[in-house]
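Quick one: the structure is below, questions incoming.
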Amino acid sequence: MKDTAVLRPDLDAVRRTVASPIVTRFAPSPTGFLHLGHVVNAIYVWGLARATGGRVLVRIEDHDRIRSRQTFDAALLEDLQWLGFLEPDETDSIIRQRERTGVYEAALTRLRAVAHVYACDCSRTSFHGERYPGRCRNRGLTEGPGRGIRVQLEPGVDAADDLLLGAIQQAPAEQCGDLLLKDRDGHWTYQFAVAVDDLHQRVTLVIRGADLLSSTGRQVRLGQLLKRCGVADGPWPPRYLHHPLVMDEGGVKLSKSTGATGVRHLRATDVTPGEVIGRAAAAIGLLDSVRSVEARDVRSLFEIGPRGV
Ligand code: GLU
């Protein structure tokens, strides 16, 4: 069994250190069906929100219009309802990034007042997908089709607090160079859309898988710039919690909802929603062995004691 210290945050510390009201979010990308990795995230999001009197927002991250599909969007929500996390009357408050172009445009306009925002025609392959070297920073290209938009990042360390991992210190300018906000196909990037939305929605607790840890410094920095130019006045940065990932048999992070890890697949067998949740919890060590846990009871996985595990 894994050390529970790295799986369960101290609930008192969450209540004490996360800005009130506690607002967290479940933010899937509709690029595939729901799998056990999403279920683990839902356990943390709804479990910790309920254990601390917080609120959950659901946000469909369909900023990538090429990979996102309406069928996955509908299926993700339907599976989430089947599991019991999402109530049918909660679906009206869900936001979708593809409907927020006006919000991102407005944020970009404001950002120009506090940072150097510029057009860039470099492809990722031209710098081998590594740190962007700033080739277009001073070229004065006009913005338009086939050109992305970047913001210049000043060197420096951004700090954030992770409720499981402790202090996070990242240097986004050194790590990735000037950040891409819109890609050459005209799509808003994940980093920009997430920073705008988390700030706008006054998210105070970001709960997500550890694979996104390296994005945190970039989002903290972007949020600071966005706040400085008045995009929103929410608390910033939020607190973070990066939880372990569910791995497949080969030790690789689940990214496909195939076979035994896909909720769709499991639904077609005899398993109950509670068993799927129990299976996800056991996959990362929140349970010693698989047992049924109802969605309404997931807070118990974080409450050690008579009512908990
Ligand atoms: N949309 C992202 C995903 O499905 C999650 C982003 C986040 O939580 O910041 O992996």
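The values are calculated or read from the model by the stated rules, or taken from the named source; none is laboratory data. Predicted model, so just to flag it, every value in this text is computed and none were measured. Cβ: placed from backbone, ideal geometry, glycine included. Neighbour counts: every protein chain shown. Accessible surface is based on the protein model in full, side chains and every heavy atom, while ligands, DNA and RNA are left aside. Shrake-Rupley method; radii C 1.70, N 1.55, O 1.52, S 1.80 Å.
Given only helices, namely DSSP H runs of n ≥ 4 each adding -39500 (n - 2.57), what is the per-residue ellipticity at 222 nm of the chain, to the nearest 500 deg cm²/dmol?
Per the formula, -9000 deg cm²/dmol.
Normalising by the residue count of the chain, find the relative contact order in percent from Cα pairs under 8 Å and 6+ residues apart.
25
Tell me which residues come under 5 Å, amide H to amide H, from Leu57 once H is placed; ignore anything under 5 positions away on its chain.
Under 5 Å from the amide H of Leu57: Thr24, Arg25, Phe26.
Moving to a separate point now. Using amide H atoms built 1.01 Å from N in the peptide plane, name the residues 5+ places from Ala19, or on other chains, whose amide H lies under 5 Å from its own.
It is Arg239, by chain and number.
Ignoring ligands and nucleic acids, what accessible area does Leu245 show with a 1.4 Å probe (Å², nearest 10)?
40
I've got another one for you. At R0 = 41 Å, how high is the FRET efficiency between Arg55 and Arg124 if r is their beta carbon distance? Nearest 0.05 is fine.
Taking R0 as 41 Å, the efficiency between Arg55 and Arg124 is 0.65.
At 1.4 Å probe size, put Tyr240, Tyr190 in order of accessible surface, largest to smallest.
In descending accessible area the options line up as Tyr190, Tyr240.
Take the alpha-carbon positions of the chain, form their convex hull, and give its projected area averaged over all directions (one quarter of the hull surface) in nm².
That works out to 16.2 nm².
Further question: Taking θ as phi - 60°, what are the ³J(HN,Hα) couplings along region 177-184 by the Karplus curve (6.51, -1.76, 1.60), each to the nearest whole Hz, with x for Gly and Pro?
x, 4, 7, 7, 9, 9, 8, 5
In addition: List the residues whose amide H sits under 5 Å from the amide H of His35, counting only those 5 or more places along or on another chain, with H placed 1.01 Å from N in the peptide plane.
Val263
For helix 70-83, what angle does its Cα long axis make with the longest principal axis of the chain, in degrees from 0 to 90 and rounded to 10?
30
Once you put a point 7 Å from the Cα of Arg96 and another 7 Å from the Cα of Glu174, both along the Cβ direction, what distance in nm separates them?
Each label point is offset 7 Å from its Cα along the Cβ direction, giving 4.2 nm.
Over all alpha-carbon pairs in region 35-90, figure out the percentage whose distance exceeds 16 Å.
Tail fraction, whole percent: 48.
Can you order the peptides 111-119, 276-284 by their average number of other Cβ atoms within 10 Å per residue, highest first?
Packing proxy ranking, top to bottom: 276-284, 111-119.
With r defined as the distance between the Cβ atoms of Lys253 and His116 and R0 fixed at 25 Å, what FRET efficiency is calculated, to the nearest 0.05?
0.10
Where the centroid of each part is defined by its Cα atoms, how far is region 1-65 from region 232-252 in Å?
The two parts, judged by their Cα centres, are 8 Å apart.
Take the solvent-accessible surface of the protein heavy atoms, probe 1.4 Å, and return the percent of it on the chain that carbon and sulfur atoms account for.
About 49 percent, which is the carbon plus sulfur part of the accessible surface.
I need the semi-axes of the equivalent ellipsoid of region 37-128: take the C-alpha gyration tensor, multiply each eigenvalue by 5, square-root it, list largest first in whole angstrom.
32, 18, 15
So, taking all protein chains as they sit and a 1.4 Å probe, how much accessible area belongs to Arg264, in Å² rounded to tens?
Approximately 90 Å² of Arg264 is accessible to the 1.4 Å probe.
Using the Karplus equation 6.51 cos²θ - 1.76 cosθ + 1.60 (θ = phi - 60°), what ³J(HN,Hα) coupling, rounded to whole Hz, does each residue of region 26-31 give in order, writing x for Gly and Pro?
So the J values, rounded to whole Hz, are 10, 10, x, 9, x, 10.
Enter the accessible area per residue of region 66-217 (Å², integer; probe 1.4 Å; all protein chains in place).
Per-residue value: 47 Å².
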